[in-house]
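To keep things clear, I will list the structure first and then write my remarks on it.
The values are calculated or read from the model by the stated rules, or taken from the named source; none is laboratory data. Predicted model only: the values in this text are computed from it and were never measured. We place every Cβ from the backbone using ideal geometry, glycine too, and count neighbours over all the protein chains shown.
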Amino acid sequence: MTDERFLAHLTERLAALPTVRAVALGGSRAQGTHTPASDWDVAVYYRGPFDPVDLRALGWPGEVSEIGGWGGGVFNGGAWLTVDGRRVDVHYRDLDDVERVLAESQDGRFHIEPLLFHLAGIPSYLLLAELAVNRVLHGSLPRPDYPEMLRHAAAKEWHGRAALTLGYAKAAYPKGGQVTELAGALAVAAAQTAHGILAARGEWVTNDKRLLHRAGLRGLDEVLCSLTPDPAALAQAVAAAERLFAQAADPQVATTP
């Protein structure tokens, strides 16, 4: 079965589920950056109660979570399935939640939630990022621009969090030679800074996979590779990270030691 025929088959089955109003393709396959080994990320947008029992009844092997099974909030559940030999991730998307987040974003309001595999957590406006970049397969969905008020509010919040993370790391870890803790803090601060940079640009983010690369923060790899338990060296690493973050946020910022 060709990819297009497979996608049509997958869409038809998901679109027929009760209360589902739209189906969208996400991830690398929606953006044309996939490889033959890439899985298939799809979202089902529903209005009213959605029962995962109906998804299980399709008979595809894998794991189907309950509503809220992935922690609630932005990621309120989904499934990891194998369909005709292909790996498929299904995300649940409540249209009432999507519309609420869209309205809040117009006023620059959002919140950040912890989520596995995301260093700095995820912003609620990730739901809008998906709408902006995903490919609609069935039904109709809004395709929002990046709200101007959200750009300013999100950049300020993310950069503020990065500053707090760096400040704590600088005060707590170098003096004790705590390499692991410092490395973790620098990685989190880098992710926070990257979110801030991309928000200021009005660029949507859907995951962490190329977050640092897009924000110009790949140079943190060199900083982390240089870490040793020497307190002075750790303090220098924090300073190097601060310079890197400042330059990426504003290329005009001087980078002299």
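Within the bounds of the stretch 148-158, is there any residue that is more than 23 Å from residue 222 (Cβ to Cβ), buried (at least 19 other Cβ atoms within 10 Å of the Cβ) and in contact with a Ser or Thr (Cβ under 6 Å, 6 or more places away or on another chain)? Yes. Residue count for the stretch 39-85, restricted to those that are touching a residue at least 12 places away in the same chain (Cβ under 8 Å), more than 29 Å from residue 102 (Cα to Cα) and not aliphatic (A, V, I, L, M): 6. Within the stretch 73-112, being within 15 Å of the chain's Cα centre (by Cα), assigned to a strand (DSSP E or B) and either β-branched (Val, Ile, Thr) or modelled with pLDDT under 95 (or both) holds for 75, 112.
Of all residues assigned to the stretch 23-38, none qualifies as being touching a residue at least 12 places away in the same chain (Cβ under 8 Å), part of a loop (DSSP other than H, G, I, E, B) and either of a type outside the set (Ser, Thr, Tyr) or not assigned by TED's automatic domain parsing to the domain that holds residue 204 (or both). The requirement of being closer than 14 Å to residue 126 by Cα and touching a strand residue (DSSP E or B) at 6+ places or on another chain (Cβ under 8 Å) is satisfied by residue 98. Cβ-Cβ distances below 6 Å connect no pair with a first residue in the stretch 173-189 that is in the same structural domain as residue 115 (by TED's automatic domain parsing), a second residue that is at pLDDT 95 or above and small (Gly, Ala, Ser), and a separation of six or more residues or different chains. Filtering the stretch 195-228 to residues that are under 14 Å from residue 245 (Cα atoms), of a type in the set (Gly, Ala, Ser) and without any contact (Cβ under 8 Å) to a residue 40 or more places away in the chain leaves 215, 216, 219.
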